[in-house]
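Colleague: Before we start, here is the structure in question, set down as structure tokens.
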Protein chains: 6
Amino acid sequence: MRPSRRAPDELRAVSLERGVVKYAEGSCLVKFGDTHVLVTATLEDRLPPWLKGQGRGWITAEYGMLPRATLERTRREASAGKQTGRTVEIQRLIGRSLRTAIDLEALGERQITVDCDVLQADGGTRTASITGAWVALADCIKWMKSRNMIKTEVLRANVAAISCGIYNGTPVLDLDYAEDSEAETDANFVMTGDGRIIEVQGTAEKTPFTEAEFLALMALARKGVARLVDLQKLAVA
Amino acid sequence: MRPSRRAPDELRAVSLERGVVKYAEGSCLVKFGDTHVLVTATLEDRLPPWLKGQGRGWITAEYGMLPRATLERTRREASAGKQTGRTVEIQRLIGRSLRTAIDLEALGERQITVDCDVLQADGGTRTASITGAWVALADCIKWMKSRNMIKTEVLRANVAAISCGIYNGTPVLDLDYAEDSEAETDANFVMTGDGRIIEVQGTAEKTPFTEAEFLALMALARKGVARLVDLQKLAVA
Amino acid sequence: MRPSRRAPDELRAVSLERGVVKYAEGSCLVKFGDTHVLVTATLEDRLPPWLKGQGRGWITAEYGMLPRATLERTRREASAGKQTGRTVEIQRLIGRSLRTAIDLEALGERQITVDCDVLQADGGTRTASITGAWVALADCIKWMKSRNMIKTEVLRANVAAISCGIYNGTPVLDLDYAEDSEAETDANFVMTGDGRIIEVQGTAEKTPFTEAEFLALMALARKGVARLVDLQKLAVA
Amino acid sequence: MRPSRRAPDELRAVSLERGVVKYAEGSCLVKFGDTHVLVTATLEDRLPPWLKGQGRGWITAEYGMLPRATLERTRREASAGKQTGRTVEIQRLIGRSLRTAIDLEALGERQITVDCDVLQADGGTRTASITGAWVALADCIKWMKSRNMIKTEVLRANVAAISCGIYNGTPVLDLDYAEDSEAETDANFVMTGDGRIIEVQGTAEKTPFTEAEFLALMALARKGVARLVDLQKLAVA
Amino acid sequence: MRPSRRAPDELRAVSLERGVVKYAEGSCLVKFGDTHVLVTATLEDRLPPWLKGQGRGWITAEYGMLPRATLERTRREASAGKQTGRTVEIQRLIGRSLRTAIDLEALGERQITVDCDVLQADGGTRTASITGAWVALADCIKWMKSRNMIKTEVLRANVAAISCGIYNGTPVLDLDYAEDSEAETDANFVMTGDGRIIEVQGTAEKTPFTEAEFLALMALARKGVARLVDLQKLAVA
Amino acid sequence: MRPSRRAPDELRAVSLERGVVKYAEGSCLVKFGDTHVLVTATLEDRLPPWLKGQGRGWITAEYGMLPRATLERTRREASAGKQTGRTVEIQRLIGRSLRTAIDLEALGERQITVDCDVLQADGGTRTASITGAWVALADCIKWMKSRNMIKTEVLRANVAAISCGIYNGTPVLDLDYAEDSEAETDANFVMTGDGRIIEVQGTAEKTPFTEAEFLALMALARKGVARLVDLQKLAVA
């Protein structure tokens, strides 16, 4: 029995609210249960130096967590003077995942920066971030289209992410914090709507796992991502 | 005529929503028009080293702004590796203001950290932060009382803050960004409900101002703060 | 009775010694009693990036304190790797105050950097810094005039600063450290010679203060600044 | 055809040389072809603060690359003042992987720090690091046993790692830099000798991949890790 | 002919003014011509962690330069966030030199921090710093004696420092900036009053030098240091 | 008797192995007994900003030590976020020493960066670094010549370095760690093959030393450097 009484393959209540920050070209407040992330997409006419003049654009991501998004207050990274390893890992993952969804040539020599700021954390902040970021990105691209800044299709696919894990011996979908902190194995899947894999990260928290266990998690993830992509399509319709 | 068509002594629409972050001992989402700040109050059983063993508590504040809270994206301080001078100034002001409202002896040897994170900025983020922080602080103290952690009254007074400025030659209350960026003179007042001053900061943005002009701003501020304190009382009632 | 036996409206002995650093375009060793600040003004043919090409110059300030300027040694900021919040606040105040005294268009596309380094601190380092900085700035501008670098008048007004506070229930002028650490209320005024206000910062150290108290401080400040401006005029004559 | 003319399931020449640094409790110079990593294991009688008094030890890892380990010189992190995101990601992976191989209770309240420094990089530095780190760790534990510092078995399993990828449409094992920079998909597997998974990370560099492709990579990885574990056993015998 | 018209073995005008900072246990404003350094000695009842409980004290030094001590303004290290390599080198030299002059056991478990801040720089700031630091240190020890904090003699010898160099083919003593920037060879000598060497650093700025040249510099240095030690004795008498 | 049983004027076993890093334009693994340093020379078509357009090149050096190169593990500088004072001092010494050996005009507007990374430290890491760096530099210049990048001779002289010290009252050559930590006096000499001095640094670790003692050390150093230069010539032949 899961602490939340959900079925093993049941997502938490998911919501994707668009247009939540008035200045941003795209924005989304994504909720996976009690995990709430505010995502904005910012379009800028500049590129990282190493990319200039190559006829391609870039998508980059930054991730942060408000100090009291968590049960115990965590130190503000701006005050500590550096981002933690966890933050760096997550923002690199978000950036890579979104770039796979985008035709960077079609974007032109522009950069979109996706900021994912966790207002409240109850497990799965990176997967909620990616899922919401796709919506903010889609809105940013819609904004560009309405100004005739792009001509061909830029978005190649829907991208969403979900965590799975083995909790009390059972593979379960979309771990909340109570499950995550107890799970034997924990995996994050970033996938397209049609079930192809963009990124997969699986970690044995306690003991190594078998290929069969991993395949069970992947099957759950495919199911969860399909549902999330449906919700993305509803949100941007 | 003000860009927002408000009367010179008219506040923006103000809202103070409590209990917005489930983990925090106190929290408040404060809105002054399009300026939105998420405030949390965190109680901890530790003190800065220089205060230990003196039988007194401490209130400290941190301030941050999400990168796309502003018209143009501003660089994330955690990624830049340091807080800007503006951030440091504001969080010191918030901390000082709140400490004046609190009986630190009655608080006991504990620290309350107030985090003010700007989700959207349209002028007056520091005054909104202080006004909302008082509500989060009041809730945190209520939380402590309900657990018998404090015996005597800790909160000595309501504290709220408002900006005033001379815009197009006229003293006006609660400047939004459009006014703030054009104002000749800009002042922030932190006051108690009964009109006493906790902190006043007045700056001539272009040309020095006279005492008479300053007194006109102070009169407006007193009016604005009285209204904000009424709203605080409604919110915590 | 004040610890220094001064009358409530009496400044400490003030001296403004010019030309104390042979390389600087302007310099001043300012003393307010035992508070000693070495100020230099440096002219450079460069501007902050955001100001380039606008036909205007810039004045910026930096502030520092030698480690043993104080009763107890304070950590060297260069070794700590960052400036404290207090330092940042003060140098921003000095810069803003001086810019109001200057016609930035008449200055041309150049930057003057004012460095205020406290050799010995006995209260009022920021007000002594501003008062001495005006003298160093005036000398720097004289240096430019003698080389025909500027044509019209650049200095618009004398600028000086003084602190006031309520000590033992009495409003007093120019607090030294013994008073400052005990004062109920503490305010810094930056004013022009004719009594107009450039910046005012008032803080209730213990209990909120009334408008009447604040006006008493402002009256004292006006008197003190008038005297400081007389001394500035003598110094640069 | 692979640039190195290897068969798709062929590892590069692998060597594991022990005892290469005279001071370290364990050390290994690991070579995967032209990728050379110097690993040391350091035993210390101290623990991270959050782990003290729990009767358990800790394994942590740090990773670095000499500036000219790469084709173009990369900036020295010590001089840049911070570790890159890539470095942080890799050292966290190494630490997690090794901890799974160790019985931390049996280790006692001690920390082993594994330093992996890349002398020359030709792809696969993280997988070579993990594979060599296991050898250095095993030697460190042998050192402890010979001093009667531990009583029960501390090492639970052999751990090795290998990369796989889809290069020119074919799944291949142990990518060198020429392949890695061109691969469509890139995955790193950390496994035990009996084929169970400790960590898996797969990334679509260009287009999303299918589950079938992923399974092909995993099959290759299992084969490669089995061979690496044989070499580890030979090395420590 | 030297730019300053001094004889090859002639020091600049040297002055050693004591008691210049009212809070410090010892202080000295040292001038070697236009090079002016303010030195303070601070006594503290604490030690670096690695020295605790060994029955010995410690002398450490910090060095800084006001931004406009130089012909062109140099960036403030506190604002740059780190000390330059030159600063680090100099403060380590000052600390080592002074420690040789002191009986650290006789000092007891206390630390004296010597701060050397250059107000104006015209070559030889490190040698002026060391020479003045000895005076500040001697005053600090006198202060301790007058409070019966030490019983036996702590100061073992006078220590002074001077630079020499080969300028236009001639060995000269006490280089000013005009000479220093042109010298072929440049050496700094830290010596005791009786001509023994504490530290010697010689650098070929352009072409390597011979042993004979080096010995000529050392002879000059011995002469200069003897004169500086005479001045130290006069100063502390 | 020296701990290593060497004669007072006897070097440790020295080896200079070239071509050890396949990407670098020049490289050398230098061993002075158990002190092992990996040196690479990197040629780049860029210059420090202050040197641009002057028709001259530049040689710069960086130095690092692997964390477990030492008996006790030392903290990784990249993780600490800054280089220690010792590191900064050493890399500045290496850079200065090599520049004296090079005709910077003949090099053209290019920079060679010499990285010296200590794999194992047993005293004398800076002198081994300089001696090996000369070999890597020579190979880098040979590489340039073979591509017709330089026309005239760039290398002006062989440069090598050695430490000497007074150990148990006897002047000895090439101190290992056991001697270095006990020596009364310690000096490092950087010299050319014909016995001229590039840099000399002598430090009294405990008591000041005499000129006669210093000359004895210099005589030993000349002997040692002559031998090292012979080995350099053999290595590059």
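The values are calculated or read from the model by the stated rules, or taken from the named source; none is laboratory data. Note that this is a predicted model, so its numbers are computed, not measured. Cβ placement follows ideal geometry from the backbone for every residue including glycine, while neighbour counts extend to all protein chains displayed. Quick note on the areas: whole protein, heavy atoms, side chains included, nothing else; ligands and nucleic acids left out. Shrake-Rupley method; radii C 1.70, N 1.55, O 1.52, S 1.80 Å.
Colleague: Compare B:Asp230, E:Asp194, E:Asp180 by solvent-accessible area with a 1.4 Å probe and give them largest first, with all protein chains kept in place. Mind showing how you got there, number by number?
Modeller: Details: B:Asp230 80, E:Asp194 105, E:Asp180 55 Å².
Of B:Asp230, E:Asp194, E:Asp180, the descending order of accessible area is E:Asp194, B:Asp230, E:Asp180.
Colleague: What share of all Cα pairs of chain F, in percent, falls into each consecutive 10 Å distance bin?
Modeller: 8, 33, 35, 19, 5, 0
Colleague: Note the distances from E:Glu17 to each other copy's matching label point, with points 7 Å along the Cα-to-beta-carbon direction, in nm, sorted shortest first.
Modeller: Shortest to longest, the spacings are 0.5, 6.2, 6.5, 6.5, 6.7 nm.
Colleague: Mind listing the label-point distances from D:Leu71 to the same position on all other copies, shortest first, one decimal in nm, points 7 Å along Cα→Cβ?
Modeller: Computed spacing set for this position: 4.4, 4.5, 4.6, 4.8, 6.5 nm.
Colleague: Got a number for the accessible area of A:Lys52? Probe 1.4 Å, square angstrom, nearest 10.
Modeller: Approximately 130 Å² of A:Lys52 is accessible to the 1.4 Å probe.
Colleague: Karplus couplings for segment D:50-63 from phi (6.51 cos²θ - 1.76 cosθ + 1.60, θ = phi - 60°), rounded to Hz, Gly and Pro as x?
Modeller: Ordered by residue, 3J(HN,Hα) equals 6, 10, 5, x, 9, x, 10, x, 8, 10, 10, 9, 10, 10 Hz.
Colleague: Do the alpha carbons of any pairs in D:Lys22/F:Lys22; A:Lys145/A:Lys233; C:Lys82/F:Lys82 sit beyond 20 Å of each other, and which pairs? Intermediate values should be presented prior to the final figure.
Modeller: Numbers: D:Lys22/F:Lys22 25 Å; A:Lys145/A:Lys233 18 Å; C:Lys82/F:Lys82 13 Å.
Beyond 20 Å: D:Lys22/F:Lys22.
Colleague: A follow-up question, please. Please work out the C-alpha center-to-center distance from segment B:195-237 to segment B:90-127 and express it in whole Å.
Modeller: With segment B:195-237 and segment B:90-127 each reduced to a Cα centre, they are spaced 18 Å.
Colleague: Charges only on Cβ, +1 for Lys and Arg, -1 for Asp and Glu: so what's the dipole of the protein assembly as shown about the Cα centre, in debye to the nearest 20? Each step should come with its number before you reach the end.
Modeller: Working: 192 positive and 192 negative charges, 1 e Å.
Once rounded to the nearest 20, the dipole reads 0 debye.
Colleague: Just to confirm, what accessible area per residue do you get for chain D at 1.4 Å probe, in whole Å²? Please list the in-between numbers first.
Modeller: Working: 8860 Å² over 237 residues.
I get 37 Å² per residue for chain D.
Colleague: I've got another one for you. Pull out a ≥ b ≥ c, the square roots of the eigenvalues of the alpha-carbon gyration tensor of segment F:36-79, then state rounded if a/c is under 1.5, prolate if not and a/b is larger than b/c, and oblate in the remaining case. Don't skip to the end; give the middle numbers.
Modeller: On the way: a/c = 4.54, a/b = 2.70, b/c = 1.68.
Cα axes put segment F:36-79 in the prolate bin.
Colleague: A further question follows. In a GNM of chain A with a 10 Å cut-off on Cα contacts, which of A:Lys22, A:Lys31, A:Lys145 has the highest mean-square fluctuation?
Modeller: A:Lys22
Colleague: Now a separate question. Using Cα-Cα distances under 8 Å and only pairs 6 or more residues apart, what relative contact order does chain E have, in percent?
Modeller: Numbers: 515 pairs, mean separation 53.0, N = 237.
RCO, chain E: 22 percent.
Colleague: State the Cα centre-to-centre distance between segment F:1-50 and segment B:4-78 in whole Å.
Modeller: 57
Colleague: What Kirkwood hydrodynamic radius do you get for segment E:42-117 when you take the inverse of the mean 1/r over all pairs of distinct Cα atoms, in Å? If you can, show how the numbers build up before the last one.
Modeller: Values: mean 1/r = 0.0724 Å⁻¹.
Value: 13.8 Å, from the Cα pair sum.
Colleague: Also, I was wondering about something else. Which of the residues in segment D:43-75 lose at least 40 Å² of accessible area when you go from the chain alone to all protein chains together (probe 1.4 Å)?
Modeller: When all protein chains are present, D:Glu62, D:Leu66, D:Arg68, D:Arg73 each give up 40 Å² or more of accessible surface.
Colleague: Between B and E, which B residue has the Cβ nearest their rotation axis, distance in Å?
Modeller: Here the value is B:Gly81, 5.
Colleague: Please find, in a Gaussian network model of chain F (springs between Cα atoms separated by less than 10 Å), the residue of F:Val14, F:Val30, F:Val114 whose mean-square fluctuation is greatest.
Modeller: F:Val14
Colleague: Could you tell me the total accessible area buried at the E-F interface, probe 1.4 Å, in square angstrom to the nearest hundred?
Modeller: 2500
Colleague: OK, next. With a 1.4 Å probe and all protein chains kept in place, how much accessible area does E:Leu47 have, in Å² rounded to the nearest 10?
Modeller: Rounded to the nearest 10, the figure is 10 Å².
Colleague: Determine the dipole magnitude for segment F:110-160: charges of +1 sit on the beta-carbon of Lys and Arg, -1 on that of Asp and Glu, nothing else is charged, the reference point is the Cα centre, and the result goes in debye to the nearest 20.
Modeller: Approximately 400 debye in magnitude.
Colleague: Given Cα positions, please report Rg to Rh for the protein assembly as shown, the hydrodynamic radius being the Kirkwood one. Intermediate results must be reported in sequence, preceding the final value.
Modeller: Numbers: Rg = 34.3 Å, Rh = 35.3 Å.
Rounded to two decimals, Rg over Rh is 0.97.
Colleague: Next question. With the full set of protein chains in place, find how many percent of the accessible area of segment F:74-181 is carbon and sulfur; take the probe as 1.4 Å. Don't jump to the answer; show the numbers that get you there.
Modeller: On the way: 1640 of 3500 Å².
Of all accessible area on segment F:74-181, carbon and sulfur atoms account for 47 percent.
Colleague: Looking at chain A as a GNM with Cα springs under 10 Å, which of A:Met218, A:Met149, A:Met191 has the largest mean-square fluctuation?
Modeller: Highest fluctuation among the options: A:Met149.
Colleague: Enumerate the helices in chain C for which the Kyte-Doolittle hydropathy averages -1.0 or more and the C-alpha atoms extend at least 30 Å along the helix's axis, using complete DSSP H runs.
Modeller: Details: long enough: C:125-146 (31 Å, 0.31); C:211-236 (37 Å, 0.76).
For chain C, where a helix must reach 30 Å along its axis and average at least -1.0, the hits are C:125-146, C:211-236.
Colleague: Taking a label point 7 Å out from Cα toward Cβ, give me the nm distances from A:Thr84 to the same spot in the other copies, shortest first, one decimal.
Modeller: 2.4, 2.6, 2.9, 2.9, 3.8
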